[in-house]
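To keep things clear, I will list the structure first and then write my remarks on it.
Laboratory data are not the source of any read-out in this text; all were calculated from the coordinates shown. Nothing here was measured: the structure is a model prediction, and the numbers come from that model. Because the Cβ atoms are built from the backbone with ideal geometry, glycine has one as well, and the counts that use them run over all protein chains shown.
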């Protein structure tokens, strides 16, 4: 690996963008089109109604250099129904994902799986004689860690939301 590729890898960071848009699936399609057309990566993307009627918020995470993320931000501002683009990466912000994880269970490992769930503050949301379904929220690393700990027990499915994020308003020292 050359020094140039090492520098380019270290210049790439995870960025979280919050995009306020008019609630319109065409806008969502245009935003996806920007990423696919320019070859930018999307790590996760969510689209949901906003508190203000007729508005929606798209939260997306992408990896790239500062220049690439600046280019993405400029291109997003050019989309007709985009009202505001905020790069939360260098701000204090709250970010969470939700995952539903279905794990094989039997009387032999059920207690262990429930203890693992408790350690990760996951909730048991469904139980059958041979499966346990868990719900967990948190940052990506926490969810990835839970999945890895559960993997030896036999995960049959995982459904994840991707990140949702908002700027942190608390200004104290805590």
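One table, with the values for the structure above:
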{"item": "Contour excess over end-to-end distance, with Cα ends at residue 29 and residue 145 and 0.36 nm allotted per residue", "result": "38.5 nm"}
{"item": "Angle between the chain longest axis and helix 66-77 axis [Cα atoms, degrees, rounded to 10]", "result": "80"}
{"item": "Gain on full stretching of the segment that runs from residue 48 to residue 96 - 0.36 nm per residue minus C-alpha separation", "result": "15.9 nm"}
{"item": "Most mobile of 162, 138, 154 in a GNM of the chain (Cα contacts under 10 Å)", "result": "154"}
{"item": "Identified option (computed Cα extents along the principal axes in Å; candidates [x] 48, 39, 30; [y] 44, 34, 32; [z] 57, 51, 41)", "result": "[z]"}
{"item": "Footprinting exposure proxy for 153, 77 (fewest neighbouring C-beta atoms within 10 Å first)", "result": "77, 153"}
{"item": "Stretch gain in nm, segment residue 130-residue 87, where the contour uses 0.36 nm per residue and the Cα spacing is subtracted", "result": "11.1 nm"}
{"item": "Crossing angle, helix 110-119 versus the chain [Cα axis fit, 0-90 degrees, rounded to tens]", "result": "40"}
{"item": "Helix-only mean residue ellipticity at 222 nm for the chain, each DSSP H run of n ≥ 4 adding -39500 (n - 2.57), per residue, nearest 500", "result": "-10000 deg cm²/dmol"}
{"item": "Which of 31, 116 has the fewest Cβ neighbours within 10 Å, and the rest in rising order", "result": "116, 31"}
{"item": "Highest-MSF residue in the chain out of 12, 157, 65 [GNM, Cα springs under 10 Å]", "result": "157"}
{"item": "Neighbour-count order for 88, 150, fewest beta carbons within 10 angstrom listed first", "result": "88, 150"}
{"item": "Rounded tilt (10° steps) of 25-38 against the dominant C-alpha axis of the chain", "result": "80"}
